[in-house]
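Read the figures in this text as sums done on the coordinates, not as results from a lab. Please read these numbers as outputs of a predicted model, since none were measured by experiment. Virtual Cβ from ideal backbone geometry, glycine too; neighbours counted across all protein chains shown.
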Amino acid sequence: MWTTKTFLKKRKGSVLKIVREHYLRDDIWCGSDICTICAHQNEELVLEKNPQPKNKKFPFPHYIVLDTCVVLNQINVLEEDALCNVIVVQTVLEEVKHRSSSVYKRLLDIVGNPNRKFYVFVNEHHKDTYVEREPGEKVNDRNDRAIRVSVAWYESHLMSSQADRRKRDRVKVILLTDDVDSKQKAENEGLHVATISDYVRNVEDCPGLEDRLSQHNTTYELQAGGREPLFPAHFTPSQIHQGIKSGKLLQGSFLASRENFLEGQVNVEGQDKMILVQGRVGLNRAVDGDIVAVKLLPEEEWSVPSHMVLQDEGDDSDVLEEENAILKSKDERVAKLPTGHIVGIIRRKWRQYCGILQKNPIEGSVRHIFVPAERKVPKVRIETQQADILSSQRIIVTIDSWPRNSRYPLGHFVRALGTIGDKDTENEVLLLEHDVPHSKFSEAVLSCLPKLPWVITEKDVQSRVDLRHVDICSVDPPGCTDIDDALHCKELENGNYDVGVHIADVSHFIRPGTAIDKEAALRATTVYLVDKRIDMVPELLSSNLCSLRGNEERFAFSCIWELTSEAEIVSTRFCKSIIRSRQAMTYEEAQIKIDDLTQNDTLSKSLRGLNSLAKILKKRRIENGALVLASPEIRFQVDSETQDPIEVEAKKLRETNSMVEEFMLLANIYVAIKILEDFPECAMLRRHPKLPVSNFEPFIKAGRNLGFEINSESGKALALSLDNAVRPDNAYFNTMLRILATRCMMQAVYFASGMVQRDEFFHYGLAAPVYTHFTSPIRRYADVIVHRLLAVSIGADVTYPDLLDKRKSHSLCHNLNYRNRMAQYAGRASVALHTHLFFRGKVQDEQGYVLCVRKNALQILIPKYGLEGTLYVSPHKGAKQNVTFVYSEEKQTQKCGDVIFRPFDPVTVQLSLDRSNVQHEKIVLKLVHPQIPGFSVPSLSSVKRKESDENLQEEMEISEVSVSPPIEKISTKKQKVK
Amino acid sequence: MAEILLSEAEKTFILHGVEEGFRCDGRMRLDYRPMEVETDVVSHASGSARLRLANTDILVGVKTEIDTPYPERPREGKIEFFVDCSANATPAFEGRGGEELGTEISNSLATAYQSSQTFDLTALCILPGQQCWKLYIDILILECGGNLFDAVSLAVKAALHNTRVPKVKGACLDGGTVDLQLSDDPYDCCRLDVSDAPCLVTLCKIGDHCVVDPTAEEETCSSGSVVIAITEKSLVTSVFKTGVGSFHPQTLIDILKVGQTIGLSVNKALRAALLEEEQQGRKKECFGFLK
């Protein structure tokens, strides 16, 4: 027997009428032990034969039928053992599933408990209890009617089986509903009915049950398509166009905040301050990178960025309370930023995103949430049948659309990358996430490589300067195979020095317009990950033919100066050459050679000469206002077999590092001068823009709070004030200040000289009027272009049209800058990944420093690992914490009792990896010192001491203590019902 | 059109009969054969009807889809006819055999519905210039028993009468795309006003006289037919001629007059039948073969 159900469905802008067959059966049993009619299996007899009447109002044996809103509102009461022998009709179950997945799960748990005697009656498929929707009837009314029909059916069905019972022993069915209308109708139909509070108040021997009644009586309305859209509508393209033309709207790119998913900024070209956008309405479905149209709010509605660290953890039914929290927490005293609302999307910049699947808690559901690895990107709702497999994998998902009534954008699954936590998978993720081209080189590219064995021909020798007799050496980090620079230094008879910087002649092998050239231009740079290098050019070139290896004859592009002993430059010349490096040294080897005065060979002498010249050059550079900046850099010692990190150390800087750096800078500057002179329109240079003073404001404020005046008027003043900001009690203070200063800086960028005003060529960080990149052509494409320009300018090579087209150069610079930035981020992400791997199964106490103070957290920098972590000080909703922190925005402090946290304060924190969520491992910080009772955790050493003293049982207690400090609670997921 | 083989004697018999005012099946010249119409026979379609006129069997389904209106008519919806001549009807329709006939019928319908005074397309507009409903009218010819034009047009009108367009509760622009809110109640939908939808009346010239509702045999004897599209308000929206024969101007005028009165009564009869069916409500018995 069957009937049909008809409903309308919207799909891809069209409306479909869908007709489904709906089967009705006559073999659905009532589940009651009384029944003599139904052909039950034994295990199906859930409802008792003689339920105990425990209710004063209904002093006869009875079963209970629940209404949907009773389940939704009073799930707490239902979880008590007091109510037994309950019939849950399918209509209710479906509605609850639809309305709240968490309540649904709790209800299923109750149903699964055999002691509770909850029976699910599939009324929707029972031939006698299925009701069809009447014209004009609301879904709710139809469902209520369906429930009443089921109650009536049960009543008559059970009655026919207990005709022989005494009247007062007969089991009746009671409907519990809070809906006034439905109750009235049920009464009219002659059913037993009560409100839940009425019923619960009269339950005997169960004190306290009444207290669990929720007073929160939501009138619920189940509407399939009629829910109020979450987002305001976007403007039409023509409206946006007119708005921008008339100046009412501004166009810019949207940058989502990494720390707070409800906040972002719009970077409008030609405005020095970014426009702040906040809240769901303000962001209005913009995704990081989108080009958007933004409407400025009137000045009195301007706001300040919240200092909250907020991650989207709520499930779908969650109302965004955080949003209100942000918007309320406006502080009147702080200077407000221009604030706006995004009103339209001009161009989506959606790409494919890596991330993980967050499985729908409801078993068998095909709709899941995708959590991207990049925190700036919102979660995406996807549909997939293979959630079980995918939930343990890194997957790629693409966004399709973001309708107004959906909290998350809709997308679809593209492909799986591999198992979560697997290092190869994670590497793949971060390469994809940073848009690093990392596929193998194509056949076309490989065919451009020279044939092996490669020999230097007579013709080559004639066209190049032969420097094979010069004692040249290279100094690089250990394990470096792509050696692109080598040096020499020779004392001349007149007391001056002959110093040469020899750079691998990559442009000899990579000819313009070839496949290999195009590929290199696309890749733009070699990307260094902790355990992997993604080459810009094939390995044959990068590690062999171009690499200036020891004792092998190689082509080079040389830059040779005559310097006085005071490092004044007498003359400069450039030439293509053939060299033979005497030795490829590491920084450490070179340092030993310099320091070991017993060594007096030519190499040692030349190194010493270079070193002393470098010191003078550096001093002069710093006097000119070059900045010494800092960023925490670390190295991993990796296990040679598993490639897993086993030890972490901060990168050591030796004199030799600075020596090589100094000469590279010198070469770059002189090459820049030379090519700019010969190609004023199309030289590829690098500039570091001086940034507006406003960018330094928070930094200056932080300094002032600690009594240091930072002057950012000019590079020199800044360098000076940084030098003076030293605190004797905190050796790391100055470094941290420099780290912060570095973060304020803008990034240096490549540009074509014809596209930028002459006075903007300046390199702020190096205090150089012009600068370029010449010294690493193996790993940077910009250097290849510079080599070509220089070769043309000295007559060693011919030019080609693209080289001299400033527009082509400009777009090339664009790509180079983008790739460089991405390569940098990928490198950092790789370090972060390895830090995670390193902390697997480890708990360590480390010295750290407060980098900045947030409203609900402290940002802690741990120099040893170059790691920055968040120490939450206020608990998330639902978690309890005995101590409270007081935040002062003015002074940038968090205070708890007597303990005050200021920026730059040293602290001791305990680091561990939270692996409770396999999909999302994170490093957790817990405070060790200063001690705050109830918040901080005991240090590891003290725990260890106790362990050895005391017996096993106590040891377990201790380990429990260290496993569940407040922070754990903070990171638990909220479970909330609307 | 599907030709039936008739002998010369049979043709003469029909011809003489018409001359005398008698037809083979006992009708007068201006009588229709009995018709059966049933609506809502295809549950998947937004509207449907099946019409049987003696041996002619037509099934019509109406599908509603969202489309953008024509730029020159921003406030109007769209309507499109498609006729499928099933090979069940006659072996001649096999393969692409029925294509020509199908196109002829769908074109004639399109012309008949084209006038702004017939079927009101503005009711199908959702957002002027942005979105409108498009009605796809799929006509399936299941059996050919003559007089296809009349039968098809009546079935189309019945199906349109039955059509329920989803009710749009709200529509607004989101970026460049339109965001619709639909009512979730499947019974809550709009009906279309078909009072102005035209019916086609075929007047078939046999000898010197005209007959309506020709059978397939009579069509074979005819030298030409005039088809008139006429609404309930007696408005003629299109007239066209099929077949090879010619008409004297005076004959044509007479024919048009006859057609007009006939068309009116056909329209009236159809309307009465549809109303009667509707009054039976949701409990009505289904005769359709698809349910």
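Inter-label distance, residue A:569 to residue A:620: 0.9 nm, where each label sits 7 Å from its Cα along the C-beta direction. Name the shape class, rounded, prolate or oblate, that the alpha-carbon gyration tensor gives for the range A:59-213, where a ≥ b ≥ c are the square roots of its eigenvalues, rounded holds for a/c under 1.5, and otherwise prolate holds if a/b is larger than b/c and oblate otherwise. Note, shape of the range A:59-213 comes out rounded. The charge dipole of chain A, taken about the Cα centre with unit charges on the Cβ atoms of Lys, Arg (+1) and Asp, Glu (-1), comes to about 2260 debye, rounded to the nearest 20. Give the residue list of trypsin sites (Lys or Arg not before Pro) in the range A:122-159 that are DSSP loop and have at most 11 other beta-carbon atoms within 10 angstrom. Answer in residue order: no site qualifies.
In terms of packing, defined here as the mean over residues of other Cβ atoms within 10 angstrom, the peptides B:228-241, A:193-206 line up highest first as B:228-241, A:193-206. A simple spin-label model places pseudo-atoms 7 Å from Cα toward Cβ; at residue B:169 and residue A:43 they are separated by 4.4 nm.
The mean count of C-beta atoms from other chains within 10 Å of the C-beta of residues in A:342-354, rounded to a whole number, is 1. Which listed residue (B:156, B:79, B:206) has the Cα farthest towards the positive end of the charge dipole for the range B:8-280, taking +1 on Lys and Arg C-beta and -1 on Asp and Glu C-beta about the Cα centre? Farthest towards the positive end: B:79. Distance from the Cα centroid of the range A:392-435 to that of the range A:355-385 is 9 Å (rounded to whole angstrom). The local environment of residue A:521, defined by Cβ-Cβ distances under 13 Å, has a net charge of +3 under the rule Lys, Arg +1 and Asp, Glu -1.
About the centre of its Cα atoms, the range B:1-153 shows a dipole size close to 400 debye [charges on the beta carbon of Lys, Arg (+1) and Asp, Glu (-1) only; nearest 20 debye]. Spatially, the range A:56-77 and the range B:168-241 are offset by 58 Å when compared through their Cα centroids. Overall dimensions of the range A:735-794, expressed as equivalent-ellipsoid semi-axes from the Cα gyration tensor (√(5λ), whole Å, largest first), are 26, 16, 9. Taking a quarter of the surface of the Cα convex hull of the range B:8-280 gives a mean projected area of 16.2 nm².
For the range A:356-417, applying the loop criterion from DSSP together with a ceiling of 10 other beta carbons within 10 Å to the GluC sites (Glu not before Pro) yields A:363.
Of the trypsin sites (Lys or Arg not before Pro) found in the range A:440-487, those that fall in a DSSP loop while having at most 11 other beta-carbon atoms within 10 Å are A:440, A:451.
Other protein chain C-beta atoms within 10 Å of residue C-beta, averaged over A:14-26: 3. Distance between the C-alpha centers of the range A:654-671 and the range A:514-588? Whole Å please. Between the Cα centre of the range A:654-671 and that of the range A:514-588, the gap is 14 Å. Computed packing ranks the peptides A:351-362, A:294-305 as A:351-362, A:294-305, most packed first, by mean other Cβ atoms within 10 Å. Averaged over residues, the count of other Cβ atoms within 10 Å places the peptides B:77-84, A:265-272, B:244-251 in the sequence B:77-84, A:265-272, B:244-251, highest first. Pairs of Cα atoms nearer than 8 Å and 6+ residues apart set the relative contact order; for the range B:208-291 it is 24 percent.
The three principal axes of the C-alpha atoms in the range A:736-849 carry coordinate ranges of 61, 28, 23 Å, sorted with the longest axis first.
Would you please classify the overall shape of the range A:94-153 from the alpha carbon gyration tensor, given that a ≥ b ≥ c denote the square roots of the eigenvalues, rounded means a/c under 1.5, and beyond that prolate means a/b larger than b/c while oblate covers the rest? It is oblate, given that a/c is not under 1.5 and a/b is not larger than b/c.
Sort chain A into rounded, prolate or oblate with this rule: let a ≥ b ≥ c be the square roots of the eigenvalues of the Cα gyration tensor; rounded if a/c is under 1.5, and if a/c is not under 1.5, prolate when a/b is larger than b/c, oblate otherwise.
Judged from the Cα gyration tensor, chain A comes out prolate (a/c at least 1.5, a/b above b/c).
Around the Cα centre of the range A:27-66, unit charges on the Cβ atoms of Lys, Arg, Asp and Glu (plus for the first two, minus for the last two) sum to a dipole of about 460 debye. Between the listed residues A:590, A:153, B:281, the Cα displaced farthest toward the positive end of the dipole of the protein assembly as shown, a dipole computed from Cβ unit charges relative to the Cα centre, is found at A:590.
The DSSP beta bridges internal to chain B are antiparallel in roughly 85% of cases.
Using 20 Å as the Cα-Cα cut-off, could you pick out the over-long pairs in A:690/A:864; A:54/A:185; A:376/A:423; A:701/A:891? With Cα atoms farther than 20 Å apart: A:690/A:864; A:54/A:185; A:376/A:423.
Shielding by partners for peptide A:233-246, expressed as the average number of C-beta atoms from other protein chains within 10 Å of each residue's C-beta, is 2.
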